[in-house]
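Just so you know, all these numbers are worked out from the coordinates, no wet-lab data involved. As the structure is a prediction and not an experimental result, all values here were calculated from the model. Note: ideal-geometry Cβ built from the backbone for every residue, glycine included; neighbour counts use all protein chains shown.
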């Protein structure tokens with residue numbers, strides 16, 4: 001994400017009028033346009049880096065049941081692998097932005113990709129849960145630079161005038177493909193090489209990315225000594241705060257929020273750490289983050305919009321997948337749905353390339369929120385017979401909207417930061433990264449928590465209507481019990497097994513109803529955001545009209 005600085009630096013300058021002297025900085029010789037074949041190579045390198053970074057995390061999250069079996073741990077314990085990854089990843093990009101400026105872009109790229117290769121190889125030696133946990137922590141640290149490198153490689157070959165629409169749209173689209181591709185390729189990898197194959201795939205991608213970085217260097221940027229002692233102190237507090245918040249969001253719904261006291265202690269320490277960082281930054285002349293600007297009305301509005309988007313988008317990343325998993329479907333049985341989601345995501349990114357221009361951000365967001373609301377509402381009518389084919393349209397709408405939303409948001413936020421000055425870019429980056437990493441974790445936690453709560457509610461409501469004196473219930477129980485007639489003649493055991501099957505069906509129905517509630521809730525959230533955006537657009541149009549009305553008599 002630190003590539004936003006390069007984007008800003010590459011913005012075209014206005015040409016001097018004929019007959020006038022050019023500005024002082026216009027004497028810099030602009031490099032010639034990159035050949036088309038070379039631009040394509042840099043774009044492919046950007047895609048490779050994005051997949052390398054994304055698959056390193058998503059190959060694990062997409063295969064938690066298989067990995068927990070291999071390591072001999074429970075689901076709750078396996079989720080620590082994701083939490084360990086997110087802890088450093090949530091904040092690493094912040095310090096890497098200044099490291100890139102101080103030590104040089106070339107060194108940043110080479111050291112970053114080399115560190116990722118080394119950590120990827122270490123995954124092969126993680127034979128037990130404890131060692132896997134340590135390696136996943138370092139994987140989160142090593143993966144952070146790859147997102148920035150993916151941005152930089154995508155922007156490298158794009159002309160300056162196209163960086164904020166073509167470059168930004170394609171770069172963000174690349175970063176959204178990994179979760180889908182991870183679920184597409186996982187069944188084949190696991191069938192051929194079991195769970196170690198996931199790490200071998202990660203190593204292979206890392207080696208290819210390593211070669212791409214060394215064969216295709218980025219344009220050097222001026223170095224400057226920008227890291228100060230208090231920057232390191234502030235970052236350590238931010239890393240502790242953001243890391244603990246990400247871990248709480250990842251683990252909270254599995255250990256349940258109010259049943260594990262250590263979750264509360266982690267959250268308390270996180271809040272204290274963030275407050276300490278804020279106190280330090282508020283009393284610095286050259287802060288790492290401008291807290292006053294971050295708490296301004298415009299930035300809070302921008303942050304809230306991104307958080308709402310991440311939460312609603314969890315309908316696809318957590319909701320639909322969780323529903324089908326509860327119905328007993330595996331990744332290979334959902335491959336057709338993933339292919340459609342992948343195609344819709346690419347189509348959304350290309351649509352953004354075609355239509356994204358300054359001033360169109362609100363209109364694009366309006367379309368994206370409408371698609372999200374409609375898609376989630378369509379999914380809220382699922383039953384226990386729903387299969388991926390019934391969600392092709394709704395999930396493609398949500399995927400298209402997801403790819404459509406982020407580029408305009410990032411472009412608008414970047415332009416607002418640049419109006420304040422280049423020193424505000426770093427503060428903008430932390431807002432964007434926080435809403436994407438921690439916001440994504442909170443979105444999954446919100447959906448999972450709502451589903452758990454509503455499942456218990458629906459289960460209690462369904463079980464109230466199950467009476468053993470009801471002939472229909474007796475008939476169904478007899479059918480379930482009769483299924484065990486070939487393996488046992490004990491009537492008590494047969495009844496017990498029949499009750500177990502009946503309870504499983506009731507639980508499944510309650511789970512489907514709970515997911516429907518979650519989908520409907522997310523649709524309502526998207527509609528509320530849509531209404532808020534429409535009102536905001538109306539207010540802006542009214543103000544513009546009033547200013548024009550006042551200016552017209554004055555001009556006359």
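So between residue 385 and residue 500, what do we pick up on full extension, going 0.36 nm a residue minus the alpha carbon distance?
Once the chain is fully extended between residue 385 and residue 500, it gains 39.3 nm.
With the cut-off at 1.5 for a/c, could you classify the stretch 255-342 from its C-alpha gyration tensor as rounded, prolate or oblate?
Judged from the Cα gyration tensor, the stretch 255-342 comes out oblate (a/c at least 1.5, b/c at or above a/b).
Rounded if a/c is under 1.5, else prolate if a/b beats b/c, else oblate: with a ≥ b ≥ c from the C-alpha gyration tensor eigenvalues square-rooted, which is the stretch 229-285?
In terms of gyration-tensor shape, prolate.
Rounded to the nearest 0.05, what FRET efficiency is calculated for residue 325 and residue 347 with R0 set to 22 Å and r the Cβ-Cβ distance?
That gives a FRET efficiency of 0.25.
Pull out the extension gain between residue 362 and residue 520, defined as 0.36 nm times the separation in residues minus the alpha carbon to alpha carbon distance; nm, one decimal.
54.5 nm
What full-extension length gain, to one decimal in nm, is calculated for residue 478 and residue 130 as 0.36 nm per residue of separation minus the Cα-Cα distance?
Full extension of this stretch gives 120.5 nm more.
Helix 196-215: angle to the longest alpha-carbon principal axis of the chain, degrees 0 to 90, nearest 10?
That helix lies at roughly 10 degrees to the long axis.
Could you sort 248-259, 58-69 so that the peptide with the highest average Cβ count within 10 Å comes first and the rest follow in order?
The densest-packed peptide leads the list: 58-69, 248-259.
Any idea how far apart residue 535 and residue 508 come out in nm if each label point goes 7 Å out from Cα toward Cβ?
4.4
For a quick check: sort 70, 464, 202, 281 by the number of other beta carbons within 10 angstrom, fewest at the front.
With the sparsest Cβ surroundings first, the list reads 464, 70, 281, 202.
If packing is taken as the average count of other Cβ atoms within 10 Å, what order do 366-373, 544-551 fall into, highest mean first?
For the peptides 366-373, 544-551, the packing ranking is 366-373, 544-551.
Would you mind checking the tilt of helix 425-464 against the longest principal axis of the Cα atoms of the chain, expressed as 0 to 90 degrees and rounded to 10?
So the helix axis and the longest Cα principal axis differ by about 20 degrees.
Rounded if a/c is under 1.5, else prolate if a/b beats b/c, else oblate: with a ≥ b ≥ c from the C-alpha gyration tensor eigenvalues square-rooted, which is the stretch 171-293?
Verdict is oblate for the stretch 171-293.
Please report 128, 379, 517 as a ranked list, fewest other C-beta atoms within 10 angstrom at the top and most at the bottom.
Sorted ascending by nearby Cβ count, the order is 128, 517, 379.
With everything on Cα atoms, drop me the angle between helix 491-555 and the longest principal axis of the chain, reported from 0 to 90° to the nearest 10.
So the inclination is approximately 30 degrees.
Determine, for each peptide in 96-104, 350-358, the mean count of other beta carbons within 10 angstrom over its residues, then list the peptides with the highest first.
96-104, 350-358
Given (i) 45, 29, 23; (ii) 37, 30, 23; (iii) 32, 31, 24, which label gives semi-axes √(5λ) of the Cα gyration tensor in Å as computed from the coordinates?
Here semi-axes √(5λ) of the Cα gyration tensor in Å agrees with entry (i).
Could you compute the FRET efficiency for residue 74 and residue 551, with r as their C-beta to C-beta distance and R0 at 56 Å, rounded to 0.05?
0.25
Which value at 222 nm does the chain reach when only helices count, each DSSP H run of 4 or more adding -39,500 (n - 2.57), with the total divided by all residues and rounded to the nearest 500 deg cm²/dmol?
-26500 deg cm²/dmol, from helical runs alone.
Specify the inter-centroid distance of the stretch 342-362 and the stretch 110-132, based on alpha-carbon positions, in whole Å.
Taking the Cα centre of the stretch 110-132 as reference, the centre of the stretch 342-362 is 36 Å away.
Once both labels are modelled 7 Å past Cα along the beta-carbon direction, what's the residue 208-residue 265 spacing in nm?
Output for this residue pair reads 4.5 nm.
Pop the C-beta distance of residue 292 and residue 230 into the FRET formula with R0 = 22 Å and round what comes out to the nearest 0.05.
The pair residue 292/residue 230 has a calculated efficiency of 0.85.
In nm, to one decimal, how far is the modelled label at residue 193 from the one at residue 418, with both set 7 Å along Cα→Cβ?
Between residue 193 and residue 418, the simple spin-label model gives 4.2 nm.
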